Amino acid sequence: MAGLCVGVLALQGAFREHGDALTRLGATVREVRQLKDLDGLDAIVLPGGESTVMGKLLQEWSMLEPLRQRILAGMPVYGSCAGLILLCTDVEGSDQPRLGVLDATVRRNAFGRQVDSFETDLTLPDLGAEPVHAVFIRAPVLTRVGPDVRVLAQVGSQAVAVRQNNVLGTSFHPELTDDPRLHQYFLTMCS
Ligand code: GLN
């Protein structure tokens, strides 16, 4: 993993914890705030936060289309929570700016007001037999996934971790626990 330069979009939201998790795994981390920060990156992480704000800022700073092109050209990307929303082709009831590189429909704040935030143990076979302790914060779920999207984990019948080739997304926040496996998995997608 050493030698990989991984960007973490740092316009808004919980980006520092992703950087820390990737640094612990030996990656070189760059906080991405403007277009030129994308140059030479091997991969990028889109953190949790507020997807509408992040999408608007990406558009305002003329980064949305260049980032989309890089992802379409094969650059690995991992989006958690709001980052997952930014990746999806369709957002229920919203035309908010997004990258649209993951063939899926996302429902924001899908667990409702009463269960705004919760934690649960998830089965995620790609990461091994040990369950993943997943933290959900005003989290989305995917209500439709396209034929090329592989569902890696579900809560009930709803997809909360998915992969489509170079695009990885989770509804939950692995950067808030000390389990390195999800970031490790992402780094193996980069090499
Ligand atoms: N509810 C937020 C959104 O819709 C996502 C929450 C999060 O990233 N923790 O963008």
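Residue under question is SER94, and the condition is that it be surrounded by fewer than 17 Cβ atoms within 10 Å (Cβ to Cβ), of a type in the set (Gly, Ala, Ser) and within 12 Å of the ligand (Cβ to nearest atom); does it hold? In short, yes. Within the range 68-82, the residues that satisfy the criterion of being under 25 Å from THR143 (Cα atoms), assigned to a helix (DSSP H, G or I) and either touching a helix residue (DSSP H, G or I) at 6+ places or on another chain (Cβ under 8 Å) or β-branched (Val, Ile, Thr) (or both) are ILE71, ALA82.
Of the residues making up the range 120-134, those that are out of contact with any strand residue (DSSP E or B) (no Cβ under 6 Å at 6 or more places or on another chain) and assigned to a loop (DSSP other than H, G, I, E, B) are THR123, GLY128, ALA129, GLU130. So which residues in the range 1-33 are part of a loop (DSSP other than H, G, I, E, B), without any contact (Cβ under 8 Å) to a residue 60 or more places away in the chain and closer than 16 Å to GLY83 by Cβ, if there are any at all? Residues satisfying the conditions are ALA10, LEU11, GLN12, ARG33. Take the conditions (1) more than 10 Å from the ligand (Cβ to nearest atom); (2) under 13 Å from the mean Cα position of the chain (by Cα); ILE85 misses just one of them, which is (1). Restricted to the range 34-62, and to residues there that are over 17 Å from the mean Cα position of the chain (by Cα) and in a loop (DSSP other than H, G, I, E, B), the residue that is surrounded by the most Cβ atoms within 10 Å (Cβ to Cβ) is TRP61. Considering the range 97-133, the residues that are out of contact with any Phe, Trp or Tyr (no Cβ under 9 Å at 6 or more places or on another chain) and small (Gly, Ala, Ser) include one that is surrounded by the most Cβ atoms within 10 Å (Cβ to Cβ), namely ALA104. Hey, can you tell me all the residues within the range 1-55 that are within 16 Å of the ligand (Cβ to nearest atom), at pLDDT below 95 and not small (Gly, Ala, Ser)? Residue satisfying the conditions is GLN12 alone.
Conditions tested, residue by residue: (1) in contact (Cβ under 8 Å) with a residue 12 or more places away in the chain; (2) within 16 Å of the ligand (Cβ to nearest atom); (3) assigned to a loop (DSSP other than H, G, I, E, B); (4) farther than 18 Å from VAL45 by Cα.
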site	(1), (2), (3), (4)
GLY100	yes, yes, yes, no
ASN109	yes, yes, yes, yes
PHE118	yes, yes, no, yes
PHE136	yes, yes, no, no
ALA139	yes, yes, yes, no
ARG144	yes, no, no, yes
GLU175	yes, yes, no, no
HIS183	yes, no, no, no
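The values are calculated or read from the model by the stated rules, or taken from the named source; none is laboratory data. Because the structure is predicted, anything quoted here is derived from the model rather than measured. Counting neighbours? That spans all protein chains shown, and the Cβs are built from the backbone with ideal geometry, glycine included.
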